[in-house]
1. Looking at segment A:116-140, which of its residues are in a strand (DSSP E or B), open to solvent by less than 30 Å² (accessible area, probe 1.4 Å) and either β-branched (V, I, T) or under 19 Å from A:C240 (Cα atoms) (or both)?
2. Can you work out which of the residues in segment B:99-124 that are in a strand (DSSP E or B) and surrounded by 17 or more Cβ atoms within 10 Å (Cβ to Cβ) is farthest from the other protein chains (Cβ to nearest Cβ)?
3. If you go through segment A:246-257 one residue at a time, do you hit one that is at pLDDT 95 or above and in contact with a Phe, Trp or Tyr (Cβ under 6 Å, 6 or more places away or on another chain)?
4. Regarding segment A:33-44, can at least one residue be identified that is surrounded by 14 or more Cβ atoms within 10 Å (Cβ to Cβ) and either at pLDDT 90 or above or more than 10 Å from every other protein chain (Cβ to nearest Cβ) (or both)?
5. Suppose we filter A:T209, A:T226 for residues that are surrounded by fewer than 20 Cβ atoms within 10 Å (Cβ to Cβ), closer than 26 Å to B:A133 by Cβ and of a type outside the set (A, V, I, L, M); which single one remains?
6. Give A:L112, A:L60 a once-over and let me know the one that is out of contact with any strand residue (DSSP E or B) (no Cβ under 6 Å at 6 or more places or on another chain) and facing chain B (nearest Cβ under 10 Å).
7. Evaluate the following for A:T199: is it assigned to a loop (DSSP other than H, G, I, E, B), over 28 Å from the mean Cα position of the chain (by Cα) and within 14 Å of chain B (Cβ to nearest Cβ)?
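The values are calculated or read from the model by the stated rules, or taken from the named source; none is laboratory data. This is a predicted model, so every value here is computed, not measured. Here the Cβ is made from the backbone with ideal geometry for all residues, glycine too, and neighbour counts use every protein chain on show. Quick note on the areas: whole protein, heavy atoms, side chains included, nothing else; ligands and nucleic acids left out. Shrake-Rupley method; radii C 1.70, N 1.55, O 1.52, S 1.80 Å.
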Amino acid sequence: MEPSPSLPAGSAQAAAASGPDAAERRSPAGPQAAPGRTPRAGRGVWFNRRTVAVTAGALLLVAVLLRGTGYRYEPYAEQPLAVASDVPSDARPLEQFTARLRSRQRALGARLDALMPKGVYIVIDQTQNRLYLKRGDGTLLQAVCSTGSGMVLRESGGKKREWVFDSPRGRFEVRSMSRNPVWHKPDWAFVEESQPIPTNPADRLDYGTLGEYALYFGDGFMIHGTLYERLLGRAVSHGCVRVGRDDLRKVWANARVGTQIFIY
Amino acid sequence: MKASRIRTFAAAAALLAVIGAAAGCQRAGTPAAASDPRDEAARLQRTNAQLQKQIELAAGKEFYLVLDPATSGLTLMLKGAPLQRFTVRGLQVGHPRVAWASARDPRHVQSVIWSGGELDPPRQIDRLVIRSAGPGKEASESTPPPIPPTPEELYPVPSRYHVRFADGLSVEILPREADASVGRWAHARAAMAEQWGDIRSALRTSDRDAIRLRITLDPKDAQSFYRSLPPAVRLIVLDGEVEPAQPAPAELGDGR
């Protein structure tokens, strides 16, 4: 028996010592290393089959485990009612206890009602540019408006100031109302138009830009009319809330100084 | 004699029947009468605790959501004022599980005020920065400013999204019907991405969604909710079961 060319001589001798079957089993070169015997073609295939089977099994297991991983949804159910230890079991004390709870419920309900806005209030959805006039849960008016554009204005020269044109978020109230309002232009209005900032206050006055009415709600913000009604529904303002003429008239007719404004 | 005896027996039987029925009623009523007041007291305690929480929310400065399963309403509120109401079309609770083993969180969504709710994926705004040319100088170009996009153009809404709260609650918003404008392949991709996201979330040991509340809204409401939700929102879930008129849970998904 000649040693296999792929094996060192020592291993061939060892194989010869243990017989041809053993040599065939140990030889990594497979059946070809044992001349004179019919090659067992199934060996390599068997190995491949086993690999495939193990891999497929592992993949199947992983798939099954992943299928059982994630979130299991079930219909929402109310929290089960649990009777607390402080609830008396005797009839008379239980009656008194329940009466106290009812009385507390009324008091809490009244406190919660007191926190709700009274009368008409204004709600502004600044992302979708909508204004709602509401009373309680009812909506009296739904109007398209324009809120802050979110743009940033940077001053090149001078004090190198920066303004962000966002509408404020939160609860406010109408502080004052004016008919035919005059806009007292702030510095950014001049910076935006690349104009020098006037030293004379009279040069800041701008007539007609704010429409028929303005409802001031603090920090220079107001609900007012606009010359650019075609842009209503888009975020184009410098933070104020612009409303179309007809809707502004309805808002004016229903709002008072102190009317609450909610912007979200 | 015979007839009068029969009448006597009949009268006695009728009397016994009435007494028996009355006793039966009393027996049936006695335990109910004994258990109802305690249940009622427990319910009142829970209602009062929820009212207390609602007062706390209304007194705070943050925006908050009130989910009322009994009226199928999800209302965005601030300082006690309802700002926007969305009709809930379906409500499910999801719990994580890993390799079929449940990792259920013992907390109930009703028992706490959930806070710090943020949209995921977040709603982002690309701010346009304008640099002034300086006084006396002309603006860089005389081109008119572009017409700003509409909210629909500005904020594309994902088909499914979450509002993730601190302490592990996640509200998953699901539109009621599939968006017809999206193709099948896009749907399949979105579903696979969602599934993979669920697996990753469930496998996380920390910072995962411990409880999920899946809320089904009409597609318009789902989009509006995404566009309008303020940051750092809080949430309370009120007492009550989901109305039976709503779609059965089986219609809402595959149970996962």
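1. A:V120, A:Y121, A:I122, A:V123, A:I124, A:D125, A:L131, A:L133
2. Top of the filtered list is B:S115.
3. Checking segment A:246-257: at least one residue is at pLDDT 95 or above and in contact with a Phe, Trp or Tyr (Cβ under 6 Å, 6 or more places away or on another chain).
4. Looking only at segment A:33-44, we keep the residues that are surrounded by 14 or more Cβ atoms within 10 Å (Cβ to Cβ), and these are A:33-34.
Add one more test, that the residue is either at pLDDT 90 or above or more than 10 Å from every other protein chain (Cβ to nearest Cβ) (or both), and what stays is A:33-34.
Checked segment A:33-44: at least one residue is surrounded by 14 or more Cβ atoms within 10 Å (Cβ to Cβ) and either at pLDDT 90 or above or more than 10 Å from every other protein chain (Cβ to nearest Cβ) (or both).
5. A:T209
6. It is A:L112.
7. Working: assigned to a loop (DSSP other than H, G, I, E, B): yes; over 28 Å from the mean Cα position of the chain (by Cα): yes; within 14 Å of chain B (Cβ to nearest Cβ): yes.
It is true that A:T199 is assigned to a loop (DSSP other than H, G, I, E, B), over 28 Å from the mean Cα position of the chain (by Cα) and within 14 Å of chain B (Cβ to nearest Cβ).
Every residue, every condition in (1) more than 9 Å from chain A (Cβ to nearest Cβ); (2) within 22 Å of B:Y226 (Cα to Cα), yes or no:
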residue: B:D36; (1), (2): yes, no
residue: B:Q45; (1), (2): no, no
residue: B:E56; (1), (2): yes, no
residue: B:A81; (1), (2): no, yes
